[in-house]
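Take a look at the structure set out below.
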Amino acid sequence: MTRNNTVVPLCQSEAIDDPLTAILRSGARRLLAQAIEAEAETFLAAMKGEQLSDGRERLVRHGLGPERVIQTGIGPVEVRRVKLRDRGASERAERIRFTSSILPRWARRTPSLDALLPILYLRGVSMGDFQEALGALLGRDAPNLSPSVIARLRGEWEADYARWQRRDLSARRYGYVWADGVYLQARMEPQAECILVLIGATPEGKKELVGFQVGMRESAQSWRELLVDLKARGLAIAPELATGDGALGFWKALDEVSPTTRHQRCTVHKTANVLNKLPKSVQPAAKADLREIWTAPDRATAETAITTFAEKYGAKYEKAATCLVKDRDALLTFYDFPAEHWDHLRTSNPIESVFATVRHRTVRTKGALSQDTARLMVFKLVMAAAKTWRRLKGENQLPKVVQGVTFRNGVEVTNTPAQNAA
């Protein structure tokens, strides 16, 4: 006679009954195994021509490596690495090695999680709380995220930063650069640290982090140290144009180190500066008038719009008009470059958007960042964000900019036979 079991198992407080997540992990495990198998088979097919002296294939399957757990965004996923054996290595030939691009030999986490950790810190999660916070997202059995692992990661970030700061720049060339700084009040320091950042555009249209340094305010000396360091590491050719805000220190240092680089003032910063000198009731109309200047189809139209703005607001709001007019030349430099690049050149927002997260962190925690941690976290955040930066529009025009081709109102200037005869 069988008895019905009336004991009902209860879920433990740390357990999460989530069939959907279990299905996703199971599917991810199968797909990952299939992808690794396909990668190994493709490598074997490419090496099929490699044979031993007796005609046998030199590279063969050699089973699977031990099972290991990879921490992913949907929790831990078990996986085994495909092993290939080179039977010709004993014949004094150079060993053929198979390295999976999907599953690197020592990988324990997906790159997205490595990028997530500094972002979590900047969002207000302390290193001691990482395991608990990520456990709620990835499961209580989430490995490779203990406090000791996080501390070791910080050491790796420090090494990455030091290596990056020493990299050779002799092969690099940048058509444009964007410059800006962010202030962090770290652990009640007596004065604010300013993190100076330079982002450059390569001739292929790709934006990348060029310079990163902690300085005291946005002083000319701090910017000069950064620019001189870049030059000493091989960045000998000056960019054609630099975009930045009104920090006089940067422009002074740039004129000393790269006097041929032209200046473009950030129109977003200038708009904010002008509006701050106007009453709130006038700001909506003034903002629309300023936008007409920045979006004018050519320099002459923009010049006229600036004159009109000064006449319209100058009588009652002289400071606002003066703030705009004094920088009119630097605000309109972008007209001497390809029209496809205007949206990129008018503003330093590529840096401002990255700094928004950093500012949020320091405001929420009232500056609970040490100087070293702030530097490392911002560096990792910028490097993670760099992977998603979009290329410049009209990238085919950048080689022309680098070669010194002249543009007028966004259009390339070509010499006609009549001009040559003259």
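The values are calculated or read from the model by the stated rules, or taken from the named source; none is laboratory data. Predicted, not measured: the structure shown is a model, and the values here were computed from it. Every residue, glycine as well, gets a Cβ built from its backbone with ideal geometry; the counts of neighbours run over all protein chains shown. Side chains included, ligands, DNA and RNA excluded: accessible areas come from the protein's heavy atoms. Shrake-Rupley method; radii C 1.70, N 1.55, O 1.52, S 1.80 Å.
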Applying the selection to the stretch 295-309, what residues are assigned to a helix (DSSP H, G or I) and either open to solvent by 30 Å² or more (accessible area, probe 1.4 Å) or at positive phi (or both)? Arg299, Ala300, Thr301, Glu303, Thr304, Thr307, Thr308
Report, ordered by the first and then the second residue, all pairs with beta carbons closer than 8 Å, sequence separation of six or more or different chains, a first member in the stretch 42-71 that is open to solvent by 70 Å² or more (accessible area, probe 1.4 Å), and a second member that is at pLDDT below 80 and small (Gly, Ala, Ser). Glu50/Gly88
Those helices (runs of 4 or more DSSP H) completely within the stretch 333-422 that have 1 or more residues that are closer than 23 Å to Gly246 by Cβ and at pLDDT below 70 are 349-364
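Give the number of residues within the stretch 260-294 that are in a helix (DSSP H, G or I), farther than 15 Å from Leu248 by Cα and not small (Gly, Ala, Ser).
Applying the first criterion (in a helix (DSSP H, G or I)) to the stretch 260-294 yields 267-275, 283-294.
When the remaining residues are screened for being farther than 15 Å from Leu248 by Cα, the result is 267-268, 271-272, 274-275, 283-294.
Okay, now just the ones that are also not small (Gly, Ala, Ser), so 267-268, 271, 274-275, 283-284, 287, 289-294.
Matching residues across the stretch 260-294 total 14.
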Long-range neighbours under 7 Å by Cβ, at least six apart or interchain, first residue closer than 25 Å to Trp342 by Cα within the stretch 276-297, second part of a loop (DSSP other than H, G, I, E, B): Ala286/Leu278; Trp294/Arg346
Let me spell it out: the conditions are (1) in contact with a Ser or Thr (Cβ under 6 Å, 6 or more places away or on another chain); (2) crowded, with 20+ Cβ neighbours inside 10 Å; (3) part of a strand (DSSP E or B), and Ala179 meets all of them except one. Which number is the exception? (1)
